[in-house]
Every structure is written in structure tokens, then in C-alpha cells.
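Quick notes on the structure that follows.
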Amino acid sequence: MRIVHYSLGFPPYRTGGMTKYCLDIMEEQIKAGHDVAMLWPGKIKQYGDECKIVKGKKYKLNNGIMCENYELRNPLPISLLNGIKDVSAYTAYRDIDTFITFFQLHEVNAFHIHTLMGLPKEALIAAKEAKVRIVYTSHDYFGICPRASLVFGNHICRHSLDCENCTYCNEGALSLRKIQLIQNPVYRMIKDNFLVKKIRKYAIKKQRERSNQIDKIIELGDNTYDKSGIKKYEKLRAYYYSIFELIDMIHFNSSVTAEVYHAHEVPINSEKILLITHKGIKNQHIEKHFEKTIRFSYLGAFSTRKGCELLIETLDKIQQKGYDNFKLNVFATFPYERTYIEKGQPYKYDQIESVFQKTDVLILPSIWNETFGFTVLEALSYGVPAIVSSHAGSKDLIEPGKNGWIAQPNVNELENVIESILKTDYTELEKMNKYICDKVVIKTMEEHVDEITKLYN
């Protein structure tokens, strides 16, 4: 089978969970005998609708496996998570003949899309004309939300159905000129330069400050902010909904993601919920021996929307009740200082076993509708139970009372769960650890790819 994946590009220019997932799938499909390539959005022209697909050097995956590499020149702008201001640029026409020629010349059977960022509608129309099967994996909410998160400030957007918050939320979006610079090959070479990193950190800091400002507006109940652009954001959503209509199969990576898409009335021809994985996750269960102090771990970066402030507020309350038999391990820059917090250095993936050796219970307290959450799957692979927010897609992995707990992301419910753990003589944790080691089977990447490849038929 001839399979073309559309993603944002290859490391080191593009990294993150989606990139890793896409490359892992491609590697397994090549090993299975399929002809596999990646199409990715490259350099953006300032003017014109002409686009070109340029074949590059084959990209080396693992074990000497090579995949074909095609750059889409002059895609639509790549906003990432920064938002969108100029709606017309993101809905602009691109020459359809380029895509028709590509799909027909290469006799493509399946077009697997991992993001809609940068992808013109004409690419999907051309795939339809060439009778190519179109499958989309839902890694985010782009197409529904210009910032891909459905978050206003640091909380779930309460007006996401009517685009009421969009104008104000997208005020800090990158200009088209900046996006063109970021998509330029020169930037790819200097992106790890000290000065460029410093500029990116500053931009992230400004985004956080803006999110905090929005939170204050929400707290005050102020709804007087600019709503003048509602119509243009409705137009933007209509454009992407017309793209969804062209997709043959949407692969949802969790039930949470599926629920969000349904709630926003995304047109869906066919769907399948398949929990995702990556090739580094395997059954590596550790039989735990618990001591007096329970070691909780939070493994993400500090973020309000990931529930960090909620977690600290909860643990403060628990400590005030007199509990002193717990620690919280964090492995990133964390602004709080508490007697129960133990700060570790950021870790690389090959160090993850040592992280879970120091972890009795993982906590994922997400406030926003997180599409999945690999850390929960990783925890289970090492025999570690998890407390998972009901807003996180990885709750699908949890059997309450057997391998973890599912909690609403609020102080009272999270407090009740954590307190119930601290009150026991650790027999509950021992039972969970034994259950995970004996009963929980982690799906391999090979098995998952087999499921994915079946979606192409």
C-alpha cells in the first residue's frame, strides 16, 4: 500500500508527541512492507496561490529505515498554538493541480493527516478526485479552535460554540511575516541558537501573562472585551468544517476528544476511537514495595491548564489536616516551594525508568480537555497506578479501583481521592500494583499500527 502522512515535519525542526507518534507509525508501516512518505508544510511565499511539492532527501528513521520526504512549498500559514488574526490567509485558495498530480503520479492509496495546520482544502479535494482514502488522527482541536486548545486564558472556553471569545483570545497571534520567517529554511538551521531560544522563551512568557490577564477578566465577570470579529472566526470554522466533510475516517485518540468534536457538531463521515501509544512504551512492570511516605509524581511542565495550581491547593489543604506521609515529585521548573515538594531535573526519555522507580502514584490533574496524555500509559507500563482528571483523554486507560482513580478537576474531589490513599495501610496500592503487573497489557506499537492501517481500507 502507498501511504502518505501529513505532519509538521521531521526532527530536529519539529518535535513533540505528534511528531514522534507519526514517525513511529511510519517506521512500523515500512517494516510491514508498505511504501510510506511524509508530506510537510515548508517555506511560505509572500504572494500568490501557486504551491509546489518538492522531493527531498530520504529521512532516516531507526535501524537504517528510510522514508520518503516531500516538502509542500507555499502551504497555508502555520499558527501552531499561537492563534490566528488574518483569517483570509488561512482560508486562501491553493492551486489544486499540484495535489492532483502528486496523488495520481505516486498512486497514493491512503492520505493520513495528523494536523490541519498549513494544509489547504484543495489537497483533500484532490485526494477525493484521485480516490485516495483520507484518514485524520485528532491530536488537537485545530479546525474547531484557532489556538487548537479550546482554552480561554487557562480554563475551558465557555463560549467555544459561538466564537464569542475568539477576537480577544487571538489578539496575541503571530503576524504573517513572523510565520513566514519561522517557516523559512534559515530559521530551521538557527532555531537552537541561544538568542533565538531566548526570543522564544520571551514569547512564551508573554503568552502566559496574557492567559493570566484573561483569567482575571473571567474572575471579574467582565464580558466587555472585543467581540467584533465573531463573524470572521465563524467563517474560519466553516472553512475547516468543510475540510472535515471531506475526511473519510476520523481516528479519535480518546473518548474525551470524540466528545468534544461531537459537542461542537463537527461533520463526521465515520469514526473510530483507538487509544494511541509510541514505540518506547512496553510492558516493563516494576513490583513496588511501599514505605510510610507515599511518593506522588507530576511529570509535565508547570501549567495552570494542566492543573498544577489545583494540585498545590489540594495538597496544601491535605497538609493542613495534619498529613505528613506524602511527597510530590516534580521534574520541571516549578514556581512553588513547599516542604512536601521534591524538585528533580528535567529528564530524557531514556531516564524514565528511574522516574517511575521513585513514583508510587502518578497524578494528571488537567483542567482542560487534554486529548490524551502519554504519561499515564507510561506509568501503567511500569506498574504505577494513576490519578487522572476526568478531562484527560488517558482516563480511558483507567479502571477505577483497579489501576487508578478518575477525579473531577476540583479541590474537593482530588482531595478525597488523595486522602483515601493516605489513610490506608498501603494495601490498596499494593493490590493495584499487583493488578497492573498481572493483568494490564500494554498495546505494542506494532499492534496499534495494525489497527491504524485497517482504517485505510
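Just give me the residues in segment 303-329 being surrounded by fewer than 16 Cβ atoms within 10 Å (Cβ to Cβ) and part of a loop (DSSP other than H, G, I, E, B), in sequence order. 321, 322, 324, 325 - these are the residues of segment 303-329 that are surrounded by fewer than 16 Cβ atoms within 10 Å (Cβ to Cβ) and part of a loop (DSSP other than H, G, I, E, B).
Can you tell which of 19, 15, 91 is over 21 Å from the mean Cα position of the chain (by Cα), among the hydroxyl-bearing types (Ser, Thr, Tyr) and in the same structural domain as residue 145 (by TED's automatic domain parsing)?
None of the other options fit; the residue is 91.
Checking each residue in segment 258-275 for being buried (at least 18 other Cβ atoms within 10 Å of the Cβ) and touching a helix residue (DSSP H, G or I) at 6+ places or on another chain (Cβ under 6 Å) picks out only 266. For residue 252, the stated conditions do not hold, so it cannot be described as at pLDDT below 95, surrounded by 16 or more Cβ atoms within 10 Å (Cβ to Cβ) and touching a strand residue (DSSP E or B) at 6+ places or on another chain (Cβ under 9 Å). A single entry from 107, 68 fulfils the requirement of being assigned by TED's automatic domain parsing to the domain that holds residue 6, in contact (Cβ under 8 Å) with a residue 40 or more places away in the chain and farther than 30 Å from residue 207 by Cα: 107. Taking the condition part of a helix (DSSP H, G or I), buried (at least 20 other Cβ atoms within 10 Å of the Cβ), within 25 Å of the chain's Cα centre (by Cα) and modelled with pLDDT under 95, does residue 179 pass? In short, yes. Applying the set (1) surrounded by fewer than 16 Cβ atoms within 10 Å (Cβ to Cβ); (2) within 24 Å of the chain's Cα centre (by Cα); (3) of a type in the set (A, V, I, L, M, F, W, C) to residue 117 leaves exactly one unmet item: (1).
Applying the set (1) touching a residue at least 40 places away in the same chain (Cβ under 8 Å); (2) more than 26 Å from the chain's Cα centre (by Cα) to residue 389 leaves exactly one unmet item: (2). Apart from one condition, residue 145 fits all of (1) touching a residue at least 60 places away in the same chain (Cβ under 8 Å); (2) closer than 28 Å to residue 211 by Cα; the exception is (1). Taken over segment 35-67, the criterion of being farther than 27 Å from residue 121 by Cα and surrounded by 15 or more Cβ atoms within 10 Å (Cβ to Cβ) is satisfied by 61, 65.
Looking for something touching a residue at least 60 places away in the same chain (Cβ under 8 Å), in contact with a Pro (Cβ under 8 Å, 6 or more places away or on another chain) and under 18 Å from residue 386 (Cβ atoms) - is there at least one such residue anywhere in segment 279-291? Looking through segment 279-291, none of the residues is touching a residue at least 60 places away in the same chain (Cβ under 8 Å), in contact with a Pro (Cβ under 8 Å, 6 or more places away or on another chain) and under 18 Å from residue 386 (Cβ atoms).
The values are calculated or read from the model by the stated rules, or taken from the named source; none is laboratory data. Since this is a predicted model, take the numbers as computed values, not measurements. No Cβ is skipped: glycine too gets one built from the backbone with ideal geometry, and neighbour counts run over all protein chains shown.
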